[in-house]
Amino acid sequence: MIALKKDVDENGEKLLFQLFFLKDDEYQNVEVKEVEEIDFRGVKERLEQGESVFITYKRKQKLNSNLIVSEEETEPWYFIHI
């Protein structure tokens, strides 16, 4: 298996790769895989099947403090329409 070696970030944590497989079908489906190592033979097979592939590092999600409800918030809220 041909694979890209595992990388670590500045904190020594393992970085994951995200592989996006864009299918050339009626619905333009997308399959996402998170892996530590990239199997380039598998990627090549998917390309030969007519899929497009996008590869990137998985980014850590940053917590948006504006989305956190403060303790002072006492009134419940809800959606009336979806």
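The values are calculated or read from the model by the stated rules, or taken from the named source; none is laboratory data. Not measured: the values here are computed from a predicted model. Methodologically, a virtual Cβ is constructed for each residue, glycine included, from the backbone with ideal geometry; neighbour enumeration extends over all protein chains shown.
Being at pLDDT 90 or above and either more than 18 Å from Glu48 (Cα to Cα) or acidic (Asp, Glu) (or both) is the filter here, so list the residues in the range 1-31 that pass it.
Leu16, Phe17, Gln18, Glu31
Does the range 47-55 contain at least one residue that is modelled with pLDDT of 70 or more, in contact with a helix residue (DSSP H, G or I) (Cβ under 8 Å, 6 or more places away or on another chain) and on the phi < 0 side of the Ramachandran plot? Spell out the reasoning first.
Here is the first cut: in the range 47-55, the residues modelled with pLDDT of 70 or more are 47-55.
From what is left, the residues that are in contact with a helix residue (DSSP H, G or I) (Cβ under 8 Å, 6 or more places away or on another chain) are 53, 55.
Retained after the next criterion (residues that are on the phi < 0 side of the Ramachandran plot): 53, 55.
Looking for residues that are modelled with pLDDT of 70 or more, in contact with a helix residue (DSSP H, G or I) (Cβ under 8 Å, 6 or more places away or on another chain) and on the phi < 0 side of the Ramachandran plot, one finds at least one in the range 47-55, hence yes.
Does the range 17-35 hold any residues that are surrounded by 13 or more Cβ atoms within 10 Å (Cβ to Cβ) and out of contact with any strand residue (DSSP E or B) (no Cβ under 6 Å at 6 or more places or on another chain), and which are they?
Going residue by residue through the range 17-35, those that are surrounded by 13 or more Cβ atoms within 10 Å (Cβ to Cβ) are 17-23, 33, 35.
Matches in the range 17-35: Lys23 only.
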